[in-house]
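Down below is the structure, laid out as structure tokens.
The values are calculated or read from the model by the stated rules, or taken from the named source; none is laboratory data. Please read these numbers as outputs of a predicted model, since none were measured by experiment. Cβ sites come from the backbone with ideal geometry, for glycine too, and all protein chains shown count toward neighbours.
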Amino acid sequence: MTKVLEMYETYFLQQYLQNFEAVLAAEFGLLNLYVVSEVGNYNMTNLIYFGEKCFPDGLVAKAPEAILDVRQATQCIAYALPTAAGFHLHRANESVLHRYYDAVTGGAPRPSTRNIGDYLKALDDRGAGDSRVKSALRDLKNLHRNPLIHPEHSLESVDDAVALMGGVHVAMLHMLKTMPDVPSPVAAAISGAVAITVGSGAPTTAISIVSGPSFPPPSSSGQQP
């Protein structure tokens, strides 16, 4: 049903809108608002909320424990924190490496440390693992991971972090090809823990509100590519 507004109703509506705009402008002046700039041709919603979409499809099913770190890595890339992104990218890669080691060694005991070098040595000693995978992992270890753990080294730009993400993506892609899916109950438990951890208050746009009310992250369905 359509109603034609009377003259006085139009006047009051205009006054209400003007008052609202004045109050909104004053509120915006008090809030800590930051506009997130685009990074390359990445979908910013995916970078901020669904980082696993920037990695091979099998990651969620085969190494769900890596999801938290890949999401935090892509968030750091979106927020221009390249060294922090590198930290999480290496952690995610090592989580996949642990599962890969289990798969190619038939469940042999894992090395006692998370050190990539120890895992590579154990794979070589057992004659296990694809040579291309081990070569990619050695490059990541020598060119990126080892320097990054020292405080005098850092990733200087977002481009450096994006390049590292590309290298990690390639290593993960080849490792995931020979890895089985994680049993459903285990994957569900890990995914549930990740959802609880990352399901914190966040706005539904690419504007980060530092203080104020919390909003749920957008649904993963219907996202633009």
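Numbers at a glance
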item: Selection count, the stretch 88-121, where residues are touching a Leu at 6+ places or on another chain (Cβ under 6 Å) and of a type in the set (Phe, Trp, Tyr); result: 1
item: Qualifying residues in the stretch 171-186 (those that are over 15 Å from His98 (Cα atoms) and not hydroxyl-bearing (Ser, Thr, Tyr)) - the one modelled with the lowest pLDDT; result: Val186
item: Of residues in the stretch 137-175 being within 22 Å of Thr105 (Cβ to Cβ) and touching an Asp or Glu at 6+ places or on another chain (Cβ under 9 Å), the one surrounded by the most Cβ atoms within 10 Å (Cβ to Cβ); result: Met175
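Per-residue answers, yes or no, for (1) under 29 Å from Ser131 (Cα atoms); (2) over 12 Å from the mean Cα position of the chain (by Cα); (3) free of Cβ contacts under 8 Å to residues at least 60 places away in the same chain:
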position: Met7; (1), (2), (3): no, yes, yes
position: Tyr11; (1), (2), (3): no, yes, yes
position: Glu21; (1), (2), (3): no, yes, yes
position: Lys62; (1), (2), (3): yes, yes, no
position: Ala73; (1), (2), (3): yes, no, no
position: Tyr100; (1), (2), (3): yes, yes, no
position: Thr105; (1), (2), (3): yes, yes, yes
